[in-house]
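Worksheet: the structure to be examined is printed underneath.
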Amino acid sequence: MRTLQKFAADMQKAGNRDLPLKLQRLAAAMALEGESYAKRTYGKNGLGVVTGRLKQSIMGRALSATEGIGLVLMAGDKQQVVYAAVHEFGYSQRNIPSRPYIAPAIEHVRKQLPADLRKAVTASILNRPWTP
């Protein structure tokens, strides 16, 4: 019984301090991986590069501590790359097919999540250093 009490105390300690930091680092690493994957595989869906602005606008970031733990992958901006969503989702009125480049990157990152998350939590429970 004493071992279970110690384990519970260690979990609480890790969750209050160490685990959120490790999860934030994991989100940051996964955001960079998602951005890199989207840029590496851009064009495999039939999407060509004319000016390169759309590909350059692809960005991944971790949420801030006040936003929670997670990541964002996005592309486009309001001035030069307003067509980013048109290529991702398609536009039937103009006969433009969907050519997703963000959704495959999200799926790529999502597949890695269980193993990476398990490593971060295990490191916190065992009070070991961990980097993504």
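The values are calculated or read from the model by the stated rules, or taken from the named source; none is laboratory data. Because the structure is a prediction, the values reported are computed rather than measured. Positions of Cβ are generated from backbone atoms using ideal geometry, with glycine treated the same way; all protein chains shown enter the neighbour counts. Calculation scope for accessible area: heavy atoms of the full protein, side chains included, ligands and nucleic acids excluded. Shrake-Rupley method; radii C 1.70, N 1.55, O 1.52, S 1.80 Å.
Worth pointing out:
- Here the spin labels are modelled as points 7 Å beyond Cα on the Cα-Cβ line, and at Leu63 and Lys111 they lie 2.5 nm apart.
- Take the Kirkwood radius over Cα pairs of region 47-132, plug it into Stokes-Einstein at 25 °C and 0.890 mPa s, and you get 159 µm²/s for translational diffusion.
- Shown for region 17-61: the carbon plus sulfur share of the solvent-accessible area, taken with all protein chains present and a 1.4 angstrom probe, equals 54%.
- Rounded if a/c under 1.5, otherwise prolate or oblate - region 70-117, Cα gyration tensor axes: oblate
- Virtual spin-label span in nm between Ala103 and Thr51, 7 Å along Cα→Cβ: 2.6
- For region 88-100, the Karplus equation 6.51 cos²θ - 1.76 cosθ + 1.60, evaluated at θ = phi - 60°, returns couplings of 5, 10, x, 8, 5, 5, 10, 6, 9, x, 6, 9, x Hz by residue, with Gly and Pro reported as x.
- Cut-off under 5 Å, modelled amide H: who pairs with Arg99 long-range: Glu88, Phe89, Gly90
- Summarising the amide proton neighbourhood of Gly76: residues at separation of 5 or more, or on other chains, whose placed amide H is nearer than 5 Å comprise Ser57, Ile58.
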